[in-house]
Every structure is written in C-alpha cells, then in structure tokens.
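Visitor: Structure provided below as structure tokens; questions to follow.
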Amino acid sequence: MNLTIHPGLLSGTVHAIPSKSQAHRLLICAAFADRETTLICHQTNQDIEATAACLRALGAVITRTETGYLIEPVKHLPESATLDCNESGSTLRFMLPVAAALGITTTFLLKGRLPSRPMSPLWEELTRMGCTLSRPAPNKILCQGKLHCGEYIINGSVSSQFVTGLLFAMALIGGENKLTVTGRQESKPYIEMTRRALSLFGVSTENTTVSSSLPFHSPGTLLVEGDWSNGAFFLAAKTLGSCVTVDGLDPDSSQGDKVVADILSGSGETMTVDAADIPDLVPILAVVAGAQHGGVFHNIGRLRLKESDRVASVSAMLEALGAKCQSNETTLTVFPGIYHGCTIDAVNDHRIAMAAAIAATVATGDVTILGAECVNKSYPGFWEEFRRLGGQHEQYIR
C-alpha cells in the first residue's frame, strides 16, 4: 500500500496506544502464572500478536477480549513447538531464552529483516548454559536442550532485549540465578521495565540475583500503559505546529522513550541527542531537527540493526524531503531544510513511515510513502488516526 499525503497541519486529541514493550513482558509473565490474568490492552499490533501466538504454541490459552487479553496460563508443556516470531525482534529475543529455560525443543520462524538481526552474544550464552542452537534454514532457529542454574553473563552493549530474555529465563528456571552484565548497558530503562513486570508476578530481581519459584503469582488484572515511542510522532507534530494533544502517557513510566517530551521542549535550538538508549526515537526526532534547527545524534550504532538500517533510511528520507545529512560510525548530523514534495520508501520500517507522515504535514508539496502498510507492526490504526486529526492522504495499491 502506498499513500500520498497532502500538506496540512493536524488538530485534535490522540489517546496513546498501549505500550508494546510492556505488553510483551506482561503476556510472558501471565502465561506462567498460577491463575488467569486479565490484561487491559485496548489495541494490539503485529509484534504483540507474535508474542501471544508463541505463548499459545507453548500451551497458554490467550483470548482476545473487548478490552485486551484473557490469559490462562500454561498447564502442560509440549515436548516440541514451532514459534512464529513474524518480524518481531522482541518476540524472538524474549522467547528463545524462555523456550531454552523450559527445555522444549523449539523451532523459531523468522520473517522480514529478522533473520539478519544480531543474536550474539545471547546465542553463545544460551549454548554455554546448556542449550544447543542451530540454523536449519536462514529463516529458522532450532533450540534444543535445557538451561541450568548458575551465573549468566551477557554483554549489554548490543541489545537490552538480550538481558530481558535472560531475566525471563532465569525466573523460569527457578531457584536463585545470578546475572552479570558486562560492557555498556543499552536501553537501561527497558531492563527496569522487565524487572517491574516480573516483580508484579512475585519474582525478585534485586541486584544481580533472580529468585523465583514456579508458577508466578498473578495479580489478577493489569493495565498496559500508554506507549511513549509511538506517542512521540504526534508529540512531534505538535512541535512542528499542529494543534495536537496526546493523553494516556505516564510521566513516571519506566519507558526510556518518555525523554522525548524533554527533548522536544528544547527544540528551539539545535538538537543534541544521545541515541544509545532511545534508538526508536531517532527517525521522528530527526524529522523535527531537519524542519527546525538541525541536530546531532550520537551513539547511533544500534540504529543500523533495526527493522531497517535506520542511519541509511533516516538519511534517505530527509534527503528526499530537502534536509541534508552526514553520518559516520557513531554520529548522524542533520542540517535544516525546507521540506518539499517527494517520494519516500518506508523500506518496511514502521517508524520511517510514521516519521515521513509527520514530515509531510509541513512540506510544501505532496509526499508519497511507499509501503505505508508497515505501520501495522506497531501501530495498525496510525493512518486512521492521522486522517481523524485532519491529515489528508490518498491510498493506492502497488
């Protein structure tokens, strides 16, 4: 699906969609609890559904309700299972250690760019601690064996999702396990989100030790908080002149992307951003920088490992719009320009598509987005919301 967006500012109120980061974590905890859990999650997306589908394959009964999910925990584990992760990196990196901890022979199916996204050093650590991992095909991972108790060691500089995956695994193994994270810890707030999720289900993750016994203890009903990373697109639209309010975002959230509010509040000057903990914000922040006073984004290495190489795709988007970019191994510099009509390939990256849409509101001509359906990965209702706020777009099929 391609969309052509006509210039024009937005107006209205947006209710933040549920945080997919938190939804992944709460679904996994609930699937191994002592009783059913009601998860209030009014909207879903492809990534959340991928995690739910994987948990169903392990024996959980997860039913979509009017307000979210009803999760009946796993009663009997299968000897083997096939888990379809679709294109969700979170699903794969969380569920691979889960399956390894449970000792289930599991085949993981990977789609899109996911087969090429890094799994090291998680791969090596799971192997060291008792599992056998292999690639029977480029889009498949086979996990055999069972993890044992002990001290787990992971370099935190590649992805916080590896740390989260090991925290889940250690909790499911039971007893006391120690986790040592070496190197720079990327996206620390999202590790804290994992610790909070586990604590809601009675699992202690104080200091470097995870103490648990199965099953986890369900709190009964939980609300998935609003998603700051997706709310950031409409917050940015407001910064660029639209009259938009975003409600349902918790300022006390453990989501690292909540810093977008502080960053945008200082957008009257050249933007300086450390991208190490907030790589998902860079596409939309770069759009704001290009439309205003420019910006410098440091520690961009992880951007190259996302749904697209976001250093390349962000640069291509801004260059097409009329703002110049320069990048090296660690830094992306955006120079301001006047956005004009153009065609932007979203390269199957939901955050590029949504960032391009917000840029189009202040462009001088129509902006066509190729592959606009990729927003379904995280925000299936984005185009409907965009139109409700007065955004004008025309859809046509490729």
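Visitor: Looking at region 72-89, is at least one residue under 19 Å from Cys374 (Cβ atoms), surrounded by 23 or more Cβ atoms within 10 Å (Cβ to Cβ) and modelled with pLDDT of 95 or more?
Guide: yes
Visitor: Hey, can you tell me all the residues within region 239-249 that are surrounded by fewer than 17 Cβ atoms within 10 Å (Cβ to Cβ) and either assigned by TED's automatic domain parsing to the domain that holds Gly150 or outside any loop (DSSP other than H, G, I, E, B) (or both)?
Guide: Selection gives Cys243, Thr245, Asp247.
Visitor: To continue, here is another question. Taking Ala289 as the residue in question, decide whether it is buried (at least 20 other Cβ atoms within 10 Å of the Cβ), of a type outside the set (Val, Ile, Thr) and in contact with an Asp or Glu (Cβ under 9 Å, 6 or more places away or on another chain).
Guide: no
Visitor: A further question follows. Go through (1) buried (at least 23 other Cβ atoms within 10 Å of the Cβ); (2) part of a helix (DSSP H, G or I) and name the single condition Arg196 misses.
Guide: (1)
Visitor: Just give me the residues in region 205-254 being under 19 Å from Arg35 (Cα atoms) and either polar (S, T, N, Q) or out of contact with any Ser or Thr (no Cβ under 9 Å at 6 or more places or on another chain) (or both), in sequence order.
Guide: Answer for region 205-254, where residues must be under 19 Å from Arg35 (Cα atoms) and either polar (S, T, N, Q) or out of contact with any Ser or Thr (no Cβ under 9 Å at 6 or more places or on another chain) (or both): Ser212, Ser213, Leu214, Pro215, Phe216, His217, Ser218, Thr221, Leu223.
Visitor: I need the full set of residues from region 100-136 which are under 23 Å from Leu305 (Cβ atoms), among the hydrophobic types (A, V, I, L, M, F, W, C) and touching a Phe, Trp or Tyr at 6+ places or on another chain (Cβ under 8 Å), in order please.
Guide: Listed by number, the residues that qualify are Leu122, Leu133.
Visitor: Can you tell me which residue among Ile48, Ile62 is crowded, with 18+ Cβ neighbours inside 10 Å and not in a strand (DSSP E or B)?
Guide: Unique residue meeting the criteria: Ile48.
Visitor: Does Leu147 qualify as being surrounded by 19 or more Cβ atoms within 10 Å (Cβ to Cβ), modelled with pLDDT of 95 or more and assigned to a helix (DSSP H, G or I)?
Guide: Judged against the criteria, Leu147 is not a match.
Visitor: Which of the residues that make up region 262-278 are of a type outside the set (Asp, Glu) and closer than 12 Å to Leu332 by Cα?
Guide: Passing the criteria: Met271, Thr272, Val273, Ala275.
Visitor: Among the residues of region 15-25, which ones are touching a Leu at 6+ places or on another chain (Cβ under 8 Å) and surrounded by fewer than 24 Cβ atoms within 10 Å (Cβ to Cβ)?
Guide: Ala16 - this is the single residue of region 15-25 that is touching a Leu at 6+ places or on another chain (Cβ under 8 Å) and surrounded by fewer than 24 Cβ atoms within 10 Å (Cβ to Cβ).
Visitor: Looking at region 316-330, is at least one residue in the same structural domain as Ser378 (by TED's automatic domain parsing), of a type in the set (Val, Ile, Thr), under 22 Å from Arg184 (Cβ atoms) and not in a loop (DSSP other than H, G, I, E, B)?
Guide: There is no residue in region 316-330 that is in the same structural domain as Ser378 (by TED's automatic domain parsing), of a type in the set (Val, Ile, Thr), under 22 Å from Arg184 (Cβ atoms) and not in a loop (DSSP other than H, G, I, E, B).
Visitor: Do any residues in region 297-326 that are polar (S, T, N, Q) have Cβ atoms under 6 Å from those of residues that are part of a helix (DSSP H, G or I), where the two are at least six apart or on different chains, and which pairs are they?
Guide: Ser313/Ile352
Visitor: Find the residue count for region 374-398, including only residues that are part of a loop (DSSP other than H, G, I, E, B) and in contact with a strand residue (DSSP E or B) (Cβ under 9 Å, 6 or more places away or on another chain).
Guide: Here the count works out to 5.
Visitor: Report the residue count in region 120-133 for those that are under 18 Å from Leu179 (Cα atoms), surrounded by 18 or more Cβ atoms within 10 Å (Cβ to Cβ) and of a type in the set (A, V, I, L, M, F, W, C).
Guide: Of the residues in that region, 4 qualify.
Visitor: Could I ask something else about it? Within region 121-172, which residues are in contact with a helix residue (DSSP H, G or I) (Cβ under 8 Å, 6 or more places away or on another chain), among the hydroxyl-bearing types (Ser, Thr, Tyr) and more than 18 Å from Ser21 (Cβ to Cβ)?
Guide: Tyr152, the sole residue that qualifies.
Visitor: For residues in region 199-234 being in contact with a helix residue (DSSP H, G or I) (Cβ under 6 Å, 6 or more places away or on another chain) and closer than 30 Å to Ala363 by Cα, which is surrounded by the most Cβ atoms within 10 Å (Cβ to Cβ)?
Guide: Ala232
The values are calculated or read from the model by the stated rules, or taken from the named source; none is laboratory data. Note that the structure is a prediction, hence the values are computed from the model and not measured. Cβ sites come from the backbone with ideal geometry, for glycine too, and all protein chains shown count toward neighbours.
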